[in-house]
Amino acid sequence: MSPSTSSASSARAAAPPERPRRRAVGQVELVAVAILLVLVGGRWLVPLLDHPSLSTWSTIFVAIVVQSTPFLLVGVLLSAVIAALLSDDLLKKVLPTRPVLGVPVAGAAGVALPGCECAAVPIAGSLVRRGVAPAVAMTFLLAAPAINPAVLVSTAVAFPGQPEMVLARFLASLTTAVLVGWWVLSRGDRLPIAQRIAEFGEGMTKREKFVETVRHDFLHASGFLVIGAMLAAAINTFVPRAIVDSVAGQAVLGVVTLALFAFLVALCSESDAFVAASLTAFSDTAKLVFLVVGPAMDVKLASMEAGTFGVPFARQFVPVVILTAMLSAVGVGWWLL
């Protein structure tokens, strides 16, 4: 036996045995724990469930979810069809060669190419990798989830008899996308853009990409919808009316509050109008801020953009988007609402 062989054998012998990997806690375990807690604590939970305030909260929560789920599903299906049948090469071909003109065209393309916020980030990353100007890609990223037909129809249903709210959302969201796109163009090389995440659905067939997009977008968006509906119902039920009225009654504070709410709750754009409509104490302008800021920038989008385009990019991009969305919504709301 050679010295190298004997040394390798002794190293293997000296190495400690590998420990078996611990299985990660999954959904089954979490559901089992939740069921166990309900069974054990049932006698304490039942009296709480009979409380009138909780009954009111559950009624508002269920109403928001039931109203918004069909529109969420329609939006997800449209997004999946676009992802499966239309490639981003098509968008690249129809865009003007000059980025200053490509920015408004990419904003208008958001009407015809609907997509969930989560899907828009990898699409924008793919456009940048394929040679589309970053300003144009970022404009599409902001416009597609905000002004597509599913979003506008859901807004019309959530605000019956208020077509001006639908128009205001369209104009404020499109203005935000175009202004931010031109800002990115003006920054040029001073705005560092990295590419770290592979294209969503890369290597899949059209059928596989459609199914995966529906599964991913619906499960992801419906979870945030439930959280948002719970918080909106809680605000309407448990927060003292005097506090809500005092915040909502101050124009600036009401706008800032709903902008922060939109950023933290991270609702899908196909369902956020129903949550906004339930916040009856706030002005229509403050609700419009909620509807414009949410699809443009929320906590999950900020995280995805930092991972896709780099932290230095997100550090500059995120606050500019939020501020532009707020100012656009306030300006359009003052004009139309």
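Tell me the residue from GLY115, GLY102, GLY107, GLY131 that is at pLDDT below 85 and crowded, with 24+ Cβ neighbours inside 10 Å, please.
Details: GLY102 fails: at pLDDT below 85; GLY107 fails: at pLDDT below 85; GLY131 fails: crowded, with 24+ Cβ neighbours inside 10 Å.
The conditions single out GLY115.
Since TRP334 meets every condition but one in (1) surrounded by fewer than 19 Cβ atoms within 10 Å (Cβ to Cβ); (2) in a helix (DSSP H, G or I); (3) at pLDDT below 90, which condition does it not meet?
Status for TRP334: all satisfied but (3).
Looking at LEU185 and the list (1) over 30 Å from ALA63 (Cβ atoms); (2) modelled with pLDDT of 95 or more, which single condition is not satisfied?
(2)
Does VAL66 qualify as being over 18 Å from ASN148 (Cβ atoms) and at pLDDT 75 or above?
Numbers: over 18 Å from ASN148 (Cβ atoms): yes; at pLDDT 75 or above: yes.
In short, yes.
List every residue pair whose Cβ atoms lie under 9 Å apart, where the two residues are 6 or more positions apart in sequence or sit on different chains, the first residue falls within the range 116-132 and is more than 15 Å from GLY181 (Cα to Cα), and the second residue, located anywhere, is modelled with pLDDT of 70 or more and among the basic types (Lys, Arg).
As it stands, the answer is GLU117/LYS300; CYS118/LYS300, since those pairs meet every condition given.
Just one of GLU270, GLU305 is of a type in the set (D, E, K, R), in contact with a Cys (Cβ under 9 Å, 6 or more places away or on another chain) and either part of a loop (DSSP other than H, G, I, E, B) or modelled with pLDDT of 80 or more (or both); which is it? Talk me through it step by step, then tell me what you get.
Details: GLU305 fails: in contact with a Cys (Cβ under 9 Å, 6 or more places away or on another chain).
Of the residues listed, the single one that is of a type in the set (D, E, K, R), in contact with a Cys (Cβ under 9 Å, 6 or more places away or on another chain) and either part of a loop (DSSP other than H, G, I, E, B) or modelled with pLDDT of 80 or more (or both) is GLU270.
The values are calculated or read from the model by the stated rules, or taken from the named source; none is laboratory data. Only a predicted model underlies this, so the values are computations on that prediction, with no experimental measurement involved. No Cβ is skipped: glycine too gets one built from the backbone with ideal geometry, and neighbour counts run over all protein chains shown.
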